[in-house]
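Trainee: Take a look at the following structure, please.
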Amino acid sequence: MSAALRALQESFARAVLGGDPEAIASSIEPGGDEGVRRLAIYGRAVTANLVGALRGAHPVVVRLVGDAYFHEAASRFARADPPQSGDLNRFGDGFAAFLEHYPPAASMPWLADVARLDWACHEATMAGDGEPLDFDALARVPPEAQGDLRFAFRPSVSVVRSSWPILAIWEANQSDRDGTPDRVEGEDTVLVWRETGRVRAVALAPREAAFVEALAAGRGLEEATGEPDWDLPAFLEQLASHGVLAAFRTEIPVGPSPISA
Amino acid sequence: MGAARFPLRAPDPRQAGIGLRTPHFAALAGSRPAVSFLEVHSENYFADGGPALAWLERFRADYAVSLHGVALSLGSVDGLDPVHLDRLARLVSRIEPALVSEHLCWSRLGGRNLGELLPLPYSEESLGVVCARVDEAQERLGRRILVENVSAYVRFRESTIPEGEFVAQVARRTGCGVLLDVNNAYVNAENHGTDARAFLAAIEPASVGEIHLAGPERTGDGLVDSHGARVLPDVWALYEETIARLGPVPTLVEWDTNIPPLEVLVAEADKATAVLRRAGDRARGAA
Amino acid sequence: MNSKRNLIRSALAGVIALGVGSAAAQAHDGAAPAGKEKCYGIAKKGQNDCGTATHACAGLAKRDNQPDEWKLVAKGTCEKLGGKLKAPAAPKK
């Protein structure tokens, strides 16, 4: 029923994404070169909007590589893999993977992981609040059920693992720093979450990272703890006090609240 | 239907509103200028939570809010993106906006969205597609929406209906309202050598629910709708004529690039308010 | 095993103690945009603003890009970072 309109939109998309105005040129006014120049306004606008979205989501990558480089890389990615959502805040999920295989970035093997950290922070700004940890309910969990507690994280929480000191790079490229990292060594595993509206990123020690990832995989507290030779109480208290932990469940029913009962 | 979370607020048609953008959040919260409503791009608040939504809810407590979508793609042959429509519906129930609007254009094709307001040919075929999408949106949202005429840099030989008639037909067939962008009408007339007044005259006064004003940028390839400058004198003249014909209509000044300090934007909106007040006084004088 | 149980018990006791008197403290982690804080995320620009004005961005975007070689060379902070970063001693999997 709308075959002609579909064909026209396909031709138009080829002109603005692929820089190929030939198929649409005979359908537009003004004709000739003037028409091609007018079409180019759309081509530049599409690129600018999509690159702008990637730029907003990857501020540290932008600062690392500079504007011209970023524009070139981002526009190649955007034209090859345009957004699936009309909400441009959601555009950029695959950009880190693109950078990993982008030949000009081969000399910066850490760049893709920095992009992953940027993206995790970006997503954390948009995540839902989730259920806060119910301390009273936690207090009613019988001791025999404690080892089986399964904690969930707030929706903003994610972990980015890297073979590079990405947190040091990321911190050095915040707006109040000059870009020089405090350290040039390390394999950072970074915990990202949002706390009172602000995105936070901290490096996890290996035992902490393993614990967080085990909880995220749905393991019970006892199993996730591993060998009891590290400071679980201090770490769990940090997670709880900074709003990283959300609801929990246990296989054994929790007793009724003394207030509501 | 849940209980209202916010006070019921509607834009005062005798006072203009402003487009709300991130750089103005703190200044707006601090100074609370006298504007009749705030308009935001709906998609910027599609998140599940977080600071952007928290800011908007905070402003909504004090102002009427208009949700202005940029990417629903009413002219898509593929139909509306159900996820996009669901997120818009969720935002509408969260914010309880006074107005909900979208553009007469397309951006989505084959599961991809080009992130830009792309022009449609004005034909019976397009009219059928757009009206079906507007019906679907209004049904899903359970309310009337406004549709906006866009700036275009090319026209299509396939067009058989004058733009003003096309916009008027969409409103007539679907019962939606018109968001009349006077600057876009001017930009198109300049770029295509058409008559902005003929366009404006084709729109039925009762269908107009909002007016947009903004400043374009003159380039070697014609006027580009950059929303990055003050409103042009010619556009003010068209606006005065339009208000004289329609009476006071909620009016918004948009500024999206080269964003100035909040006071400059509010001062631009105050100029529109002066036009609205004069029209209101004339109407009362004539009565 | 007992030491592990004790460790978990003491960890949970610490968490529960946190909740005393501050149960609702972290209920809305998206809802505190007070003052003029410029921290990351507090007032992050929405990426759809250009979308409307789009045309806006069209005006700002420079003339079309030839794929110039210099655009493939990273500037910015990378220049001081590149040679200094050290890969881990043993490559991971």
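Trainee: Go through (1) open to solvent by less than 40 Å² (accessible area, probe 1.4 Å); (2) without any contact (Cβ under 8 Å) to a residue 60 or more places away in the chain; (3) in a strand (DSSP E or B) one by one and return the number of the condition A:Pro181 breaks.
Mentor: Result: A:Pro181 fails condition (3) only.
Trainee: Being basic (Lys, Arg) and within 7 Å of chain B (Cβ to nearest Cβ) narrows it down to one of A:Arg6, A:Arg55, A:Arg76, A:Arg44, so name that one.
Mentor: Values: A:Arg55 fails: within 7 Å of chain B (Cβ to nearest Cβ); A:Arg76 fails: within 7 Å of chain B (Cβ to nearest Cβ); A:Arg44 fails: within 7 Å of chain B (Cβ to nearest Cβ).
Going through A:Arg6, A:Arg55, A:Arg76, A:Arg44 in turn, the sole match is A:Arg6.
Trainee: When the range B:21-31 is examined, which residues are found to be in contact (Cβ under 8 Å) with a residue 40 or more places away in the chain and either of a type in the set (A, V, I, L, M) or in contact with a Cys (Cβ under 7 Å, 6 or more places away or on another chain) (or both)?
Mentor: Step one: filter the range B:21-31 for residues in contact (Cβ under 8 Å) with a residue 40 or more places away in the chain, giving B:21, B:23-24, B:27-28, B:31.
Within the range B:21-31, B:Ala27, B:Leu28 qualify.
Trainee: Would you mind telling me which numbered condition in (1) modelled with pLDDT of 95 or more; (2) part of a helix (DSSP H, G or I) A:Leu39 fails?
Mentor: Result: A:Leu39 fails condition (1) only.
Trainee: For the structure I just gave you, tell me whether A:Asp81 is of a type in the set (Asp, Glu), touching a strand residue (DSSP E or B) at 6+ places or on another chain (Cβ under 9 Å) and surrounded by 21 or more Cβ atoms within 10 Å (Cβ to Cβ). Walk me through how you get there before you give the answer.
Mentor: Working: of a type in the set (Asp, Glu): yes; touching a strand residue (DSSP E or B) at 6+ places or on another chain (Cβ under 9 Å): yes; surrounded by 21 or more Cβ atoms within 10 Å (Cβ to Cβ): no.
So A:Asp81 does not fit the description; no.
Trainee: Continuing with the same structure: Out of everything in the range A:233-247 that is more than 13 Å from C:Ala11 (Cβ to Cβ) and modelled with pLDDT of 90 or more, what residue ends up being most open to solvent (accessible area, probe 1.4 Å)?
Mentor: Going residue by residue through the range A:233-247, those that are more than 13 Å from C:Ala11 (Cβ to Cβ) are A:242-244, A:246-247.
Now restrict to residues that are modelled with pLDDT of 90 or more: A:242-244, A:246.
Values: A:His242: 50, A:Gly243: 4, A:Val244: 2, A:Ala246: 6 Å².
Here the answer is A:His242.
Trainee: Return a yes/no flag: does the range A:60-70 have any residue that is in the same structural domain as A:Glu10 (by TED's automatic domain parsing) and over 26 Å from C:Ala43 (Cβ atoms).
Mentor: Within the range A:60-70, the subset in the same structural domain as A:Glu10 (by TED's automatic domain parsing) is A:60-70.
Adding the requirement that they be over 26 Å from C:Ala43 (Cβ atoms) leaves A:68-69.
The answer is yes, given that some residue of the range A:60-70 is in the same structural domain as A:Glu10 (by TED's automatic domain parsing) and over 26 Å from C:Ala43 (Cβ atoms).
Trainee: Also: Select from the range B:163-175 the residues that are open to solvent by 10 Å² or more (accessible area, probe 1.4 Å) and either in contact with a His (Cβ under 8 Å, 6 or more places away or on another chain) or within 14 Å of chain A (Cβ to nearest Cβ) (or both) and list them in ascending order.
Mentor: B:Glu163
Trainee: Next up: Any residue in the range B:200-216 that is aliphatic (A, V, I, L, M) sitting within a Cβ distance under 6 Å of a residue that is open to solvent by 30 Å² or more (accessible area, probe 1.4 Å)? List the pairs, counting only those 6 or more apart or interchain.
Mentor: B:Ala202/B:Glu165; B:Val208/B:Leu246
Trainee: Considering only the range A:202-224, state which residues are at the interface with chain C (Cβ under 9 Å from one of its Cβ atoms) and under 19 Å from A:His242 (Cα atoms). Break it down into steps so the answer makes sense when it comes.
Mentor: Within the range A:202-224, the first condition is being at the interface with chain C (Cβ under 9 Å from one of its Cβ atoms), and the residues that meet it are A:221-222.
Once the filter is applied, which keeps residues that are at the interface with chain C (Cβ under 9 Å from one of its Cβ atoms) and under 19 Å from A:His242 (Cα atoms), the range A:202-224 yields only A:Leu221.
Trainee: A follow-up question, please. Just the residues that are touching a Phe, Trp or Tyr at 6+ places or on another chain (Cβ under 8 Å) and at the interface with chain A (Cβ under 10 Å from one of its Cβ atoms), please, taken from the range B:124-153.
Mentor: If the condition is that a residue be touching a Phe, Trp or Tyr at 6+ places or on another chain (Cβ under 8 Å) and at the interface with chain A (Cβ under 10 Å from one of its Cβ atoms), then B:Ser126, B:Tyr153 are the ones that fit.
Trainee: Out of the residues in the range A:145-173 that are under 16 Å from C:Ala11 (Cβ atoms) and more than 9 Å from every other protein chain (Cβ to nearest Cβ), state the one that is nearest to the chain's Cα centre (by Cα).
Mentor: Here is the first cut: in the range A:145-173, the ones under 16 Å from C:Ala11 (Cβ atoms) are A:145-151.
Imposing the further condition that a residue be more than 9 Å from every other protein chain (Cβ to nearest Cβ) reduces the set to A:145, A:148, A:150-151.
Numbers: A:Ala145: 34, A:Asp148: 30, A:Arg150: 24, A:Phe151: 22 Å.
Step by step, filter the range A:145-173, then rank; the result is A:Phe151.
Trainee: Could you tell me whether any residue of the range B:16-27 is within 11 Å of chain A (Cβ to nearest Cβ), part of a helix (DSSP H, G or I) and touching an Asp or Glu at 6+ places or on another chain (Cβ under 9 Å)? Step through it out loud before you land on a result.
Mentor: First, the residues of the range B:16-27 that are within 11 Å of chain A (Cβ to nearest Cβ): B:22.
Keeping just the survivors that are part of a helix (DSSP H, G or I) gives B:22.
Next, from what is left, pick out any that are touching an Asp or Glu at 6+ places or on another chain (Cβ under 9 Å): B:22.
The answer is yes, given that some residue of the range B:16-27 is within 11 Å of chain A (Cβ to nearest Cβ), part of a helix (DSSP H, G or I) and touching an Asp or Glu at 6+ places or on another chain (Cβ under 9 Å).
Trainee: Continuing with this model, one more query. Condition check: at the interface with another protein chain (Cβ under 8 Å from one of its Cβ atoms), closer than 30 Å to B:Asn44 by Cα and aliphatic (A, V, I, L, M). Does A:Ala105 satisfy that? Talk me through it step by step, then tell me what you get.
Mentor: Numbers: at the interface with another protein chain (Cβ under 8 Å from one of its Cβ atoms): yes; closer than 30 Å to B:Asn44 by Cα: no; aliphatic (A, V, I, L, M): yes.
No.
Trainee: Being in contact (Cβ under 8 Å) with a residue 24 or more places away in the chain and either over 27 Å from B:Thr251 (Cα atoms) or not in a loop (DSSP other than H, G, I, E, B) (or both) is the filter here, so list the residues in the range B:69-83 that pass it.
Mentor: Taking the range B:69-83 as the starting set, the residues that turn out to be in contact (Cβ under 8 Å) with a residue 24 or more places away in the chain are B:69-81.
Of everything in the range B:69-83, those that are in contact (Cβ under 8 Å) with a residue 24 or more places away in the chain and either over 27 Å from B:Thr251 (Cα atoms) or not in a loop (DSSP other than H, G, I, E, B) (or both) turn out to be B:Ser76, B:Val77, B:Asp78, B:Gly79, B:Leu80, B:Asp81.
Trainee: Let me ask something else about it. Taking the range A:164-177 only, how many residues are open to solvent by 30 Å² or more (accessible area, probe 1.4 Å) and part of a loop (DSSP other than H, G, I, E, B)? Break it down stepwise before answering.
Mentor: First, the residues of the range A:164-177 that are open to solvent by 30 Å² or more (accessible area, probe 1.4 Å): A:164, A:171, A:174-177.
Among the residues that remain, those that are also part of a loop (DSSP other than H, G, I, E, B) are: A:164, A:174-177.
The qualifying residues number 5.
Trainee: Please verify whether the range B:63-71 includes one or more residues that are touching a Phe, Trp or Tyr at 6+ places or on another chain (Cβ under 6 Å) and at the interface with another protein chain (Cβ under 7 Å from one of its Cβ atoms).
Mentor: No - not one qualifying residue is present in the range B:63-71.
Trainee: Return the residues of the range A:1-22 that are assigned to a helix (DSSP H, G or I) and surrounded by fewer than 16 Cβ atoms within 10 Å (Cβ to Cβ); say none if nothing qualifies.
Mentor: Residues of the range A:1-22 assigned to a helix (DSSP H, G or I): A:3-18, A:22.
Within the range A:1-22, A:Ala3, A:Ala4, A:Ala7, A:Glu10, A:Arg14, A:Gly18, A:Glu22 qualify.
Trainee: Confirm whether A:Trp230 is buried (at least 18 other Cβ atoms within 10 Å of the Cβ) and not assigned by TED's automatic domain parsing to the domain that holds A:Val62. Walk me through how you get there before you give the answer.
Mentor: Numbers: buried (at least 18 other Cβ atoms within 10 Å of the Cβ): no; not assigned by TED's automatic domain parsing to the domain that holds A:Val62: yes.
No; evaluated as a whole, the condition is false for this residue.
Trainee: Further, regarding this structure: Out of all the residues in the range A:101-113, is one or more aromatic (Phe, Trp, Tyr) and within 28 Å of B:Ser73 (Cβ to Cβ)? Lay out the reasoning, then the answer.
Mentor: Looking only at the range A:101-113, we keep the residues that are aromatic (Phe, Trp, Tyr), and these are A:102, A:110.
Pick out the ones that are also within 28 Å of B:Ser73 (Cβ to Cβ) and you get none.
Scanning the range A:101-113 turns up no residue that is aromatic (Phe, Trp, Tyr) and within 28 Å of B:Ser73 (Cβ to Cβ).
Trainee: Any idea which residue in the range B:209-250 is surrounded by the most Cβ atoms within 10 Å (Cβ to Cβ), counting only those that are touching a Gly at 6+ places or on another chain (Cβ under 7 Å) and more than 9 Å from chain C (Cβ to nearest Cβ)?
Mentor: B:Pro250
Trainee: In addition: Can you go through A:Arg44, A:Arg90, A:Arg37, A:Arg63 and tell me which one is in contact (Cβ under 8 Å) with a residue 60 or more places away in the chain and either open to solvent by 30 Å² or more (accessible area, probe 1.4 Å) or within 28 Å of B:Val224 (Cα to Cα) (or both)?
Mentor: A:Arg63
Trainee: Considering each of B:Val40, B:Val35 in turn, give the residue that is touching a Ser or Thr at 6+ places or on another chain (Cβ under 8 Å), in contact (Cβ under 8 Å) with a residue 12 or more places away in the chain and among the β-branched types (Val, Ile, Thr).
Mentor: Details: B:Val35 fails: touching a Ser or Thr at 6+ places or on another chain (Cβ under 8 Å).
After applying the criteria, what remains is B:Val40.
Trainee: Across the range A:126-139, which residue is nearest to A:Gly56 (Cα to Cα) among those that are outside any helix (DSSP H, G or I) and within 7 Å of chain C (Cβ to nearest Cβ)? Quick ask: steps written out before the conclusion?
Mentor: Step one: list which residues in the range A:126-139 are outside any helix (DSSP H, G or I), which gives A:127-134.
Checking the rest, the ones that are also within 7 Å of chain C (Cβ to nearest Cβ) come to A:129, A:132.
On the way: A:Asp129: 22, A:Pro132: 29 Å.
Looking at the filtered set, the residue picked out is A:Asp129.
Trainee: Give the residue that is farthest from the chain's Cα centre (by Cα), with candidates limited to residues of the range B:92-120 that are more than 7 Å from chain A (Cβ to nearest Cβ), in a strand (DSSP E or B) and over 30 Å from B:Ala3 (Cβ atoms). Before the answer, list the steps.
Mentor: Just the residues of the range B:92-120 that are more than 7 Å from chain A (Cβ to nearest Cβ), to begin with: B:92-105, B:110, B:117, B:119-120.
Narrowing the set further to residues that are in a strand (DSSP E or B) leaves B:99-103, B:117.
Pick out the ones that are also over 30 Å from B:Ala3 (Cβ atoms) and you get B:103, B:117.
Working: B:His103: 7, B:Leu117: 13 Å.
That would be B:Leu117.
Trainee: With respect to A:Glu123, is the statement that it is crowded, with 22+ Cβ neighbours inside 10 Å, out of contact with any Lys or Arg (no Cβ under 8 Å at 6 or more places or on another chain) and either more than 7 Å from chain C (Cβ to nearest Cβ) or assigned to a helix (DSSP H, G or I) (or both) true? Walk me through it before giving the result.
Mentor: Details: crowded, with 22+ Cβ neighbours inside 10 Å: yes; out of contact with any Lys or Arg (no Cβ under 8 Å at 6 or more places or on another chain): yes; either more than 7 Å from chain C (Cβ to nearest Cβ) or assigned to a helix (DSSP H, G or I) (or both): yes.
Answer is yes for this residue.
The values are calculated or read from the model by the stated rules, or taken from the named source; none is laboratory data. This one's a predicted model, so the numbers in the text were calculated from it and none came from an experiment. Every residue, glycine as well, gets a Cβ built from its backbone with ideal geometry; the counts of neighbours run over all protein chains shown. Surface areas here come from the heavy atoms of the whole protein model, side chains and all, with no ligands, DNA or RNA. Shrake-Rupley method; radii C 1.70, N 1.55, O 1.52, S 1.80 Å.
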